[in-house]
1. Being over 30 Å from LYS227 (Cα atoms) and of a type in the set (Phe, Trp, Tyr) is the filter; apply it to the stretch 243-280 and report the residue that is surrounded by the most Cβ atoms within 10 Å (Cβ to Cβ).
2. Against the definition (among the small types (Gly, Ala, Ser) and surrounded by fewer than 15 Cβ atoms within 10 Å (Cβ to Cβ)), how does GLY337 come out, yes or no?
3. What do you reckon, is GLU290 of a type in the set (Asp, Glu), assigned to a strand (DSSP E or B), surrounded by fewer than 20 Cβ atoms within 10 Å (Cβ to Cβ) and out of contact with any helix residue (DSSP H, G or I) (no Cβ under 7 Å at 6 or more places or on another chain)?
4. Inspect all residues belonging to the stretch 206-225 and state whether any of them is among the aromatic types (Phe, Trp, Tyr), under 17 Å from LEU255 (Cβ atoms) and in a helix (DSSP H, G or I).
5. Look at the stretch 32-61 and say how many of its residues are in contact with a helix residue (DSSP H, G or I) (Cβ under 9 Å, 6 or more places away or on another chain) and modelled with pLDDT of 50 or more.
6. For the stretch 110-154, what are the residues that are among the polar types (S, T, N, Q) and modelled with pLDDT under 90?
7. Restricting to the stretch 199-252, count the residues that are of a type outside the set (Phe, Trp, Tyr) and over 29 Å from GLU360 (Cβ atoms).
8. Need at least 2 residues that are in contact (Cβ under 8 Å) with a residue 40 or more places away in the chain and hydroxyl-bearing (Ser, Thr, Tyr) per element, so show me which helices (runs of 4 or more DSSP H) inside the stretch 294-378 make the cut, counting only ones lying wholly within it.
Amino acid sequence: MLLRTNYILSVVKHNQPNVEKNKMRKLILITSILISIVAQSQEYAFIPDSLRLLPMQELAKKQPPADFEPVYYEDGTKAVFKEVLPLIMEQKLIPQMFVDENGEYKALVVKSLLKNEDIRIDYKNIPESLTKSGYSFGNPDSKKVIIYLQGGPVNYLTTYGFESRMNLSGGLDESEYFLINMRESQTLHPEETEKEEISWEQAKKYNETTTKTLFDLINFFKSQNKKVYVVGGSYGSFVGLKSIVDNKNIADGYLLMVGRLDMTQEVSNAYSKGFEAKFEEDAATPIISEKSDNIYTVNMRKIAAALSRDEKYTQLLKDTDLSNLIYIYSEIDQSVGKLTEKEIQFLKSKKADVVSVKIEHGKYSELLKDGLEMLLND
């Protein structure tokens, strides 16, 4: 099975004629990042039982008026739409729109994001040791589990943004899958990477713990007679590769996007010291800048480099069958660079599906729908 696909994605942008419409457009963009909480109107005593929660996909299609009311906080306190709009745009509040039987907007409730300590995987048989290893949504009874490895690295876990990514960008019907945004180990105690610069050994340890978590999650859900698929972008794609190296190819399928197999040494060396590094427009020539004066930024760069500086995956995976891997890379990727011919030929020799695109690194969510179709319909 070998698929060779080349395509270019484009984004069509529409102009809005005035300031208020621009604000509404920004709100819709945010709602495309966020997804509705699985909730019933009965959770809020101030919302009539006759109203239903509108799926976020539908809210993204129909913008509310700038003077919409009533708007409530979760405790029933009234709010003003124009005042909560900036907080929605900053992803500090989640909009939940309730509609009548005709689909007319009747009430908006704005909900706070989950606190770090409240994030968990909701699955009745999961071991206590894995409960806090991610955020889940979808159908726990589904025979298909998708484990998502987010980019970055960052020291926080996205929750509702993850739901949006899978539903809106990925085009998935959540009733057909059980989906998990897996914790990278630095998200458990974010304060550790904000106080002082971590050592190289600490950076490697973070990644070892992360790949072990992935191994444990795959094994657990395989024991539940599920098909398990791993999806990762950017830093998440490196986590996916490293997990195969450390724990063998044990998932049913992998979709890895905009990463590298053999990172350009000059770039990974710079990152390992906290320096900024990227590529020229050719996505091949490195650009090295100064070391950041922000401890958090330095630490995240070290964690990223710990998966690429000393790891040459064309060597580490030379005896591994990768026929269940879909690898998408961008020819104009100035963040990690484009795959070299050596990397491409290696993947092909291991029977991986290699997909070439022309897209900016930070827009890889736009690749999800096509990638997931390939992964799940194989």
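The values are calculated or read from the model by the stated rules, or taken from the named source; none is laboratory data. The model shown is predicted, which means the values in this text are computed figures rather than measured ones. Ideal geometry is used to build each Cβ from the backbone, glycine not excepted, and the neighbour counts take in all protein chains shown.
1. Per the criteria, the residue is TYR271.
2. No; evaluated as a whole, the condition is false for this residue.
3. yes
4. Within the stretch 206-225, one or more residues are among the aromatic types (Phe, Trp, Tyr), under 17 Å from LEU255 (Cβ atoms) and in a helix (DSSP H, G or I).
5. 13
6. SER112, ASN116, ASN125
7. 26
8. On the way: elements: 295-305, 313-316, 341-349, 368-376.
The helices (runs of 4 or more DSSP H) meeting that bar are 313-316.
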